[in-house]
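Participant: Sending over a structure as structure tokens; questions will come in a sec.
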Amino acid sequence: MAPQQSATTARRLLHHSRPPARKRDAPALFLVLIAVCSAVTAANIYLAAPLLTLIARDFGSTPAGVAWIASVAQLGYAVGLLFFAPLGDSVNRRRLVGALTLVTTAALVAGAAAPGTGALAVAVFVASAATVIPQLLVPLVAERAPAARRARHVGAVVAGLFTGIVAARVLGSLAGQALGWRWVFAGAAVLTLGLGLATAAALPTARRPRSGGPFSGLATLPGLVRHSPDLWRACLRQAGMFGAWSAVWTSLALLLTGAPYHLSTATAGLFGLFGLTATAVAPLAGGLVDRFGAAKVVRSAYAVAAVSVPLFWAGGRALWALFLAAIAVHAALVASHVANQTLALTTTSTPAAANTAYVVSGFAGGALASAAAGPAFGHWGWGGVCAVAGAWLLAGWGGTAVRRR
């Protein structure tokens, strides 16, 4: 019996010694796929921003006259988050991601063929509303990550997301200058279809039990925010931070292609390379959150963002100031986002719904700031845009300065 027991024990040890190596590899590959998919899909939200000059020229308008399309994209994303992101707590993520991928692809193709600004705005709205895939995936990453490294994993996905935003500005403007803005939309459709379906195929099929209708989670969002002070604070602070970033970033092409710089669309798009700061900052911010907590990271991020506003104002005449401001505002935005989103994902028992409330708040703040920045640029120039950014920062921090009981 002893030899048999020894053999059985050896087989058990051998059996249990192999899977861990595969388990260590699979999450890393899975995280990379999610990060790349997030990059491609997030780029769709900002696809129109660097192409506004080309779109205006094609439709016989002015860049300021079509700037509202950029805010339509952010508003569409916020609406899509309200309806689709809470489903991550209850439905099959694989089917949902696959369906949203197909809708996004169809909308981008429609945008490429749009005969006017109205049709383009509708296509951009639908594409942005359906391209909420990253926010379905982030809660999954947070659930599967070890508690001690949760913020690092979230930061890795955020790095991919912001890399996509940079790519939308840089590669989109270069391709738009060379091929026309319609081919940029068509190329985005192809990339979205390929990465979206590949990610859907890799997702687990397990889902949580659902009570109520498919959109019942939407009704719980106000109460969820009201009863969670940490979530409420994260929502408001990120709305202020993202609004400040959106005001300057969606209007930057108008400054660079007009007086005093008069750059081409392609050259102005290269300015987005400063957004690569986000790719480096996100993993670092995740490590800092895991070590020091979210509150300290958010305070530091707001301080950096406050410094970036006067630098952006000076950048209306000095290109070096724009360089410094772009680095600072991206670092501040990403550090704040990683900290606030990690807090939102861990503060309630329904992470997908909490993440929905958080991201909707952020993008609603961004959409409102972008909508205000367009008229501000038209009336007061670049200084008006910087004033909008400063106002959003003050609102985001001042609204949470008093502790809630």
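The values are calculated or read from the model by the stated rules, or taken from the named source; none is laboratory data. Note that the structure is a prediction, hence the values are computed from the model and not measured. As a convention, Cβ positions derive from the backbone with ideal geometry for all residues, glycine included, and neighbour counts pool all protein chains shown.
Participant: Specify which of the listed residues (267, 279) is assigned to a helix (DSSP H, G or I), within 19 Å of residue 157 (Cα to Cα) and of a type in the set (S, T, N, Q).
Facilitator: 279
Participant: Considering only residues that are within 18 Å of residue 306 (Cβ to Cβ) and of a type in the set (Val, Ile, Thr), look in region 232-286 and name the one that is modelled with the lowest pLDDT.
Facilitator: 277
Participant: Right, here's the next one. State all residues of region 282-294 that are without any contact (Cβ under 8 Å) to a residue 24 or more places away in the chain and assigned to a helix (DSSP H, G or I); if no residue qualifies, say none.
Facilitator: Matches in region 282-294: 291, 292.
Participant: When region 327-351 is examined, which residues are found to be surrounded by fewer than 24 Cβ atoms within 10 Å (Cβ to Cβ) and small (Gly, Ala, Ser)?
Facilitator: 328, 331, 349 - these are the residues of region 327-351 that are surrounded by fewer than 24 Cβ atoms within 10 Å (Cβ to Cβ) and small (Gly, Ala, Ser).
Participant: Have a look at 357, 305 and point out the one that is in contact with a Pro (Cβ under 9 Å, 6 or more places away or on another chain), crowded, with 24+ Cβ neighbours inside 10 Å and assigned to a helix (DSSP H, G or I).
Facilitator: Values: 305 fails: in contact with a Pro (Cβ under 9 Å, 6 or more places away or on another chain).
On inspection, the qualifying residue turns out to be 357.
Participant: Considering only residues that are surrounded by 20 or more Cβ atoms within 10 Å (Cβ to Cβ) and of a type in the set (Phe, Trp, Tyr), which ones fall in region 273-301?
Facilitator: 274
Participant: State the number of residues belonging to region 374-405 that are modelled with pLDDT of 90 or more and within 25 Å of residue 300 (Cβ to Cβ).
Facilitator: 13
Participant: Quick one: in region 33-64, which of the residues that are of a type in the set (S, T, N, Q) and not in a helix (DSSP H, G or I) is nearest to residue 120 (Cα to Cα)? Talk me through it step by step, then tell me what you get.
Facilitator: As a first pass, look at region 33-64 and keep what is of a type in the set (S, T, N, Q): 38, 41, 44, 53, 61-62.
Filter once more, keeping what is not in a helix (DSSP H, G or I): 61-62.
Numbers: 61: 14, 62: 15 Å.
Checking each candidate, the answer is 61.
Participant: Please go through (1) over 22 Å from residue 397 (Cβ atoms); (2) in a helix (DSSP H, G or I) for residue 317 and return the number of the only condition it doesn't satisfy.
Facilitator: (2)
Participant: Within region 98-116, take every residue that is among the hydrophobic types (A, V, I, L, M, F, W, C) and in contact with a helix residue (DSSP H, G or I) (Cβ under 6 Å, 6 or more places away or on another chain) and give me the one that is surrounded by the most Cβ atoms within 10 Å (Cβ to Cβ).
Facilitator: Selected residue: 108.
Participant: Hey, residue 148 hits all of (1) surrounded by fewer than 24 Cβ atoms within 10 Å (Cβ to Cβ); (2) in contact with a Leu (Cβ under 9 Å, 6 or more places away or on another chain) but one; which does it fall short on?
Facilitator: (2)
Participant: Could I ask something else about it? Report yes if some residue within region 185-196 is out of contact with any Leu (no Cβ under 6 Å at 6 or more places or on another chain) and more than 26 Å from residue 106 (Cβ to Cβ); otherwise report no.
Facilitator: No: region 185-196 contains no residue that is out of contact with any Leu (no Cβ under 6 Å at 6 or more places or on another chain) and more than 26 Å from residue 106 (Cβ to Cβ).
Participant: Scan region 65-97 for residues that are surrounded by fewer than 24 Cβ atoms within 10 Å (Cβ to Cβ), assigned to a loop (DSSP other than H, G, I, E, B) and touching a residue at least 40 places away in the same chain (Cβ under 8 Å) and jot them down.
Facilitator: Hits for region 65-97 are 66, 90, 91, 92.
Participant: What pairs come up if the first residue lies in region 111-124 and is within 16 Å of residue 187 (Cβ to Cβ), the second is of a type in the set (Phe, Trp, Tyr), and their beta carbons are under 6 Å apart, counting only those six or more places apart or on different chains?
Facilitator: 111/185; 112/185
Participant: Now for a different question. Look through 310, 375 and report the one residue that is over 26 Å from residue 276 (Cα atoms) and assigned to a helix (DSSP H, G or I).
Facilitator: 375
Participant: Which one of these does residue 349 not meet: (1) free of Cβ contacts under 8 Å to residues at least 24 places away in the same chain; (2) in a helix (DSSP H, G or I)?
Facilitator: (2)
Participant: Among (1) crowded, with 24+ Cβ neighbours inside 10 Å; (2) over 27 Å from residue 225 (Cβ atoms), which single condition is residue 155 missing?
Facilitator: Residue 155 satisfies all of (1) crowded, with 24+ Cβ neighbours inside 10 Å; (2) over 27 Å from residue 225 (Cβ atoms) except (2).
Participant: Under 7 Å between Cβ atoms, which residue pairs at least 6 apart in sequence (or on different chains) link something in region 192-216 that is closer than 18 Å to residue 351 by Cα with a partner that is part of a helix (DSSP H, G or I) and at pLDDT 85 or above?
Facilitator: Listed pairs, sorted by first residue: 203/97.
Participant: Next up: Residue 119: small (Gly, Ala, Ser), surrounded by 21 or more Cβ atoms within 10 Å (Cβ to Cβ) and at pLDDT 80 or above, yes or no? Lay out the reasoning, then the answer.
Facilitator: On the way: small (Gly, Ala, Ser): yes; surrounded by 21 or more Cβ atoms within 10 Å (Cβ to Cβ): no; at pLDDT 80 or above: yes.
Here the answer is no, as residue 119 does not meet what is asked.
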